[in-house]
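What follows draws every value from the coordinates through simple rules; no lab data is involved. Everything numeric in this text was worked out from a predicted model, so none of it was measured. For neighbour counting, all protein chains shown are included, and Cβ atoms are generated from backbone atoms with ideal geometry for every residue, glycine included.
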Amino acid sequence: MNRRKILVTGCAGHLGEALVRVLAAAGADVVGLDVLDSPFTTVVGSITDRHLVRRCLADVTGVIHAATLHKPHIDSHDRQSFIDTNVTGTLVLLEEAVAADVRGFVFTSTTSTFGRALSPPPGAPAAWITEDVTPIPRNIYGATKTATEDLCELVHRDHDLPVVVLRVARFFPEPDDDNGVGDRFSDANVKANEYLYRRVDVEDVVHAHQLALDKAPAIGFARYIVSATTPFGPHDVTGLAADAPAVVSRLFPDQQAEYARRGWTMFPRIDRVYVNTRARTELGWTPRHDFRSVLDRLKADEDPRSALARAVGSKGYHAAAHG
């Protein structure tokens, strides 16, 4: 039986490295493409280089496209760079994947595509975010990722390329880029809180990508939210906006004592909740990491991160523009 050959773009990044590690361990032949060299990079180059992409796709059966300029790059890259990498680069990959008769294409998008839809006005309930919520991009990052999702759908409809878009929540280990949050809460406190509504462990993200690639031919095209399973329901959104600690304490009676032991606090207000029901139902995805598992590990004085997250570690974001 021939080994699967999979192209992973962005292989020097957090998710890209995690994907290469897991896919290679599972027996796949992985081609890692990135503008940065790394132990997980097979080919150094840009996804905007059509000839290079074409060579990388030789005999490839599946593509996982994780390469991107991220939100933190807004401070170091201009808007044209975001369009060149996130939009044009993805179009090159899609078109060459069609030409190479690739059987499945997974695009790593972001919950940032929802943008302004994530921030309800003062006094309103927390936003209940499913795939049916209409994105309202807040910045060039969200605008380019939203446009690229549409390109994925267009190429699928025009050429029958099976494409699954995964709108992935926060999994990066770096501190929150909101200085206001960092000034009031420790980084570990922030990340634990976020598992209630907007964070996911990279191990679960990789698993979702594996399932999406396997099921893409049967799915055809779909978008899924990839975030830790929230303990909240739609009936909680008013309480979360008014008094989040009370809602959390009701659901997790042991949370207050553990937080007090660490000198941590719960956010006073939670403004949105990411809902992963569709991904769990249609992909058969079973994320292992959520607020309950994080709280249990904290109580046992264990690292709440998966072994994969610890192995990948923190990378930061390259500051210079790369072609």
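What whole-number value in cubic angstrom gives the convex hull volume per residue for the C-alpha atoms of the stretch 147-195?
Residue-normalised Cα hull volume stands at 95 Å³.
Which angle from 0 to 90°, rounded to the nearest 10, does the C-alpha axis of helix 89-99 make with the longest principal axis of the chain?
Value to nearest ten degrees: 50.
Can you tell me the 0 to 90 degree angle between the C-alpha axis of helix 237-251 and the longest principal axis of the chain, rounded to 10?
70
Size of the stretch 5-312 along its principal axes in angstrom, Cα-based, largest extent first?
That gives 57, 39, 38 Å along the principal axes, largest extent first.
How far apart, in nanometres, would the label points at Leu251 and Thr238 be if each is projected 7 angstrom from Cα along the Cα-to-Cβ direction?
Each label point is offset 7 Å from its Cα along the Cβ direction, giving 1.8 nm.
log10 I(q)/I(0), Debye, Cα-only the stretch 158-231, no solvent, q = 0.14 Å⁻¹?
Here log10 of I(q) over I(0) equals -0.55.
Testing the spin-label approximation: label points 7 Å from Cα along Cα→Cβ at Ala117 and Asp158. State their distance in nm.
About 2.4 nm, to one decimal.
Let me know the number of lysine pairs in the chain closer than 30 Å at the Cα, not counting same-chain pairs under 8 apart.
Lysine pairs, 8 or more places apart or on different chains, close enough: 13.
Using the Kirkwood formula on the Cα atoms of the stretch 161-306, what hydrodynamic radius do you get, in angstrom to one decimal? Each step should come with its number before you reach the end.
Details: mean 1/r = 0.0619 Å⁻¹.
Hydrodynamic radius (Kirkwood, Cα only) of the stretch 161-306 equals 16.1 Å.
Compare Arg198, Arg288, Arg250 in a GNM of the chain, Cα atoms joined below 10 Å, and give the one with the largest fluctuation.
Arg250
By how many nm would the segment from Ser38 to Asp78 lengthen if fully extended, with 0.36 nm per residue of separation less the alpha-carbon distance? Don't jump to the answer; show the numbers that get you there.
Working: separation 40, 0.36 × 40 = 14.40 nm, distance 2.50 nm.
Result: 11.9 nm gained on full extension.
So what is the relative contact order for the stretch 95-199, in percent, with contacts set as C-alpha pairs under 8 Å and at least six apart?
In percent, rounded to a whole number, it is 33.
Can you compute the helix-only [θ] at 222 nm over the chain? Use -39500 (n - 2.57) per DSSP H run of at least 4 residues, normalise by all residues, nearest 500 deg cm²/dmol.
Numbers: 13 runs with 131 residues, N = 323.
Calculated at 222 nm, the ellipticity per residue is -12000 deg cm²/dmol.
Can you tell me the length gained on complete extension of the stretch Asp187 to Arg3, counting 0.36 nm per residue apart and subtracting the Cα distance?
Contour length minus the Cα-Cα distance gives 62.1 nm.
At 0.36 nm per residue, and after removing the present C-alpha to C-alpha distance, how many nm does the segment from Glu258 to Arg278 gain when stretched out fully?
Separation in residues times 0.36 nm, less the Cα-Cα distance, equals 4.0 nm.
In whole angstrom, how far apart do the alpha carbon centroids of the stretch 108-140 and the stretch 231-245 sit?
Here the two parts' Cα centres lie 17 Å apart.
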